[in-house]
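Asker: I'd like to ask you about the structure that follows.
Just so you know, all these numbers are worked out from the coordinates, no wet-lab data involved. Quick caveat: nothing in here was measured; it's all calculated off a predicted structure. Here the Cβ positions follow ideal geometry from the backbone for every residue, glycine too, while neighbour counts run over all protein chains shown.
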Amino acid sequence: MAWSATMIGALLGLGNQMYSNALRKLPYMRHPWEHVVGMGLGAVFVDQLVKWDAKLQEDLDKMLEKAKAANERRYFDDDDD
């Protein structure tokens, strides 16, 4: 998944730069270094997005486990009646 996310990010950055040049009616490869920077930023962005999503899923699992344990204590461990 890491390589595919990196490649998707790089293509996103490249496409963004080429689209920007096309909108301004400039040659697609006017400044090639801008494409390299765009690809790098796109790759970093998508990699961080994947890491953030994994952490978010982990935090959600922890919260759901805590809620399940609290509900079980509330409804099944209530022997005061």
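Asker: Taking the 0 to 90 degree range and rounding to the nearest ten, how far is the long axis of helix 32-76 tilted relative to the main principal axis of the chain, both from C-alpha atoms?
Answerer: Between helix and principal axis, roughly 10 degrees.
Asker: Whole number please: convex hull volume per residue of the Cα set in the chain, in Å³?
Answerer: Hull volume over Cα atoms, normalised by residue count, gives 97 Å³.
Asker: Right, something else. Mind checking which of ALA70, MET18, LEU49 is farthest towards the positive end of the stretch 16-81's charge dipole, using Cβ charges of +1 (Lys, Arg) and -1 (Asp, Glu) about the Cα centre?
Answerer: Towards the positive end, the residue furthest out is MET18.
Asker: Now for a separate question. Once you list every other residue whose beta carbon is under 12 Å from the beta carbon of GLU58, what net charge do they have if Lys and Arg are +1 and Asp and Glu are -1?
Answerer: My count for the surroundings of GLU58 gives -1.
Asker: Dipole size in debye (nearest 20) for the chain around its Cα centre, Lys and Arg Cβ +1, Asp and Glu Cβ -1?
Answerer: 1120 debye
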